[in-house]
1. Identify, please: which residue in the stretch 1-26 is without any contact (Cβ under 8 Å) to a residue 40 or more places away in the chain and of a type in the set (A, V, I, L, M, F, W, C) and is, among those, surrounded by the fewest Cβ atoms within 10 Å (Cβ to Cβ)?
2. Taking Arg117 as the residue in question, decide whether it is over 17 Å from Thr75 (Cα atoms), surrounded by fewer than 22 Cβ atoms within 10 Å (Cβ to Cβ) and at pLDDT 95 or above.
3. Return yes when Lys87 is at pLDDT below 95 and of a type outside the set (A, V, I, L, M) and no when it is not.
4. Looking at (1) in a helix (DSSP H, G or I); (2) of a type outside the set (S, T, N, Q); (3) within 17 Å of Ala154 (Cα to Cα), which one does Lys89 not meet, given that it meets all the others?
5. Could you count how many residues in the stretch 1-28 are assigned to a loop (DSSP other than H, G, I, E, B) and within 14 Å of the chain's Cα centre (by Cα)?
6. Restricting attention to the stretch 37-77, which residues are of a type in the set (Gly, Ala, Ser) and in contact (Cβ under 8 Å) with a residue 24 or more places away in the chain?
7. Could you please tell me which pairs satisfy a Cβ distance under 6 Å, a separation of 6+ or placement on different chains, a first residue in the stretch 87-100 that is over 19 Å from Thr75 (Cβ atoms), and a second residue that is β-branched (Val, Ile, Thr)?
8. Only one residue in Val175, Val185 is in a helix (DSSP H, G or I) and either touching a helix residue (DSSP H, G or I) at 6+ places or on another chain (Cβ under 8 Å) or closer than 26 Å to Ala95 by Cα (or both), so which one is that?
Amino acid sequence: MLVLASTSPRRKELLAQAGFAFRVHPSSIPEELWPGEDPIAFATRLAREKAEAVFAAQAALDTPEDPLLVLGADTVVISPSKEVLGKPKDANEAARMLQVLSGNTHAVVTGVAVVSRSGTEVASELTYVTMRSIPKSEIAAYVQSGEPMDKAGAYGIQGRASAWIPCIHGCYFNVVGLPIALVTVMLEGAEARLRKEVAVAG
């Protein structure tokens with residue numbers, strides 16, 4: 001049984017499109033950056049904490065016939081000056097983030113964790129995104145639309161902000177919120193380990 005430790009509609013859609021059957025059980029882990037924490041370490045730590053918390057909460061569902069796998073993920077945007085940009089707290093912060101990204105190339109990292117009774121596996125995906133210079137009037141209109149408010153870096157590449165992004169280097173789905181190829185390899189590996197454990201036990 002696969003459980004997604006996130007209520008992100010984008011992650012749910014990507015996972016479903018890739019053919020996975022899953023349940024959703026969100027975590028309540030606070031998304032707080034520790035002082036001096038590296039952005040990649042931050043994203044992978046949150047992914048692991050979310051997945052481990054949900055696995056602990058759902059452990060009763062784990063059986064040898066239908067082993068429990070929990071997928072956690074966290075996406076952050078890293079500005080050209082190495083500032084970690086999470087979800088904006090308000091419209092002013094959203095506008096500031098977009099002004100920082102305008103006319104520059106930034107990085108997007110998603111930490112991914114898969115937790116099962118065989119252990120925890122953590123990895124990350126890094127994509128570089130180039131954004132053209134955005135007029136302040138366009139930023140203001142975009143912020144007013146509400147689209148940036150639940151997205152790291154205050155934009156969604158699959159939405160209206162697509163008009164500002166002429167180039168990316170790396171996994172597109174990572175920027176949306178879930179690097180599907182990486183996730184697939186991790187889930188297949190976890191399932192193989194669980195099958196081996198059952199075979200050895202039997």
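1. Across the stretch 1-26, the extreme among qualifying residues is Ala21.
2. Taking the combined requirement at face value, the residue does not satisfy it.
3. Yes.
4. Lys89 satisfies all of (1) in a helix (DSSP H, G or I); (2) of a type outside the set (S, T, N, Q); (3) within 17 Å of Ala154 (Cα to Cα) except (1).
5. 6
6. Correct list: Ala43, Ala47, Ala51, Ala53, Ala57, Gly72, Ala73.
7. Ala91/Val143; Ala95/Ile139; Ala95/Val143
8. Val175
The values are calculated or read from the model by the stated rules, or taken from the named source; none is laboratory data. Small disclaimer: the values here were computed from a predicted structure and weren't measured. As a convention, Cβ positions derive from the backbone with ideal geometry for all residues, glycine included, and neighbour counts pool all protein chains shown.
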